[in-house]
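The values are calculated or read from the model by the stated rules, or taken from the named source; none is laboratory data. As the structure is a prediction and not an experimental result, all values here were calculated from the model. A quick note on method: Cβ atoms are made from the backbone with ideal geometry, for glycine too, and the neighbour counts reach across all protein chains shown. Surface areas here come from the heavy atoms of the whole protein model, side chains and all, with no ligands, DNA or RNA. Shrake-Rupley method; radii C 1.70, N 1.55, O 1.52, S 1.80 Å.
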Amino acid sequence: MATKTLKAGDEVKWKTPQGETKGTVINKETGTAKAKGHTAKTSAEHPEYRVKSTKSGKEAVHSADALNKT
C-alpha cells in the first residue's frame, strides 16, 4: 500500500465523533507531538500530520490514513 503524501497547506477532511471535519495541514510531525492533551509519538517512518480545523480553529494530530485530501 502506498503512503499518502501530504504537505503544509493541503486541504483535508477527517472523521470525528461529531461528524466530518475539514481543515488544513499545518506540518508533518516526526517526533513527539502534543495536541489537545494527547501526545503522539511519531517518527520519520511513521509520521503524523498537524491539522487545523476550518470551523473551530483547533489543532489536532492525525495519521495520513485518517486524512483525505479535499
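What net charge do the residues around E11 carry, taking every other residue with its C-beta under 12 Å from that of E11, with Lys and Arg at +1 and Asp and Glu at -1?
+4
Want the number for E59 to K34: 0.36 nm per residue separation, take away the alpha-carbon distance, what's left?
This chain segment gains 8.0 nm when fully extended.
Suppose every Lys and Arg Cβ carries +1 and every Asp and Glu Cβ carries -1, with no other charges. What dipole size does the chain come out with about its Cα centre, to the nearest 20 debye?
Its charge dipole is roughly 220 debye.
What does the net charge come to around P47 if you take all other residues with beta carbon closer than 15 Å to its beta carbon, with K and R at +1 and D and E at -1?
So the surrounding residues net to 0.
For Cα extents along the principal axes in Å, which listed value, (i) 35, 33, 22; (ii) 61, 26, 12; (iii) 30, 28, 21, comes from the coordinates shown?
Among (i) 35, 33, 22; (ii) 61, 26, 12; (iii) 30, 28, 21, the one derived from this structure is (iii).
Keeping every protein chain present and rolling a 1.4 Å probe, give me the accessible area per residue for the range 21-70 in Å².
On a per-residue basis, the range 21-70 sits at 65 Å².
How much net charge surrounds K28 when only other residues with a Cβ under 10 Å from its Cβ are counted (Lys, Arg +1; Asp, Glu -1)?
Neighbour charge sum, excluding K28 itself: 0.
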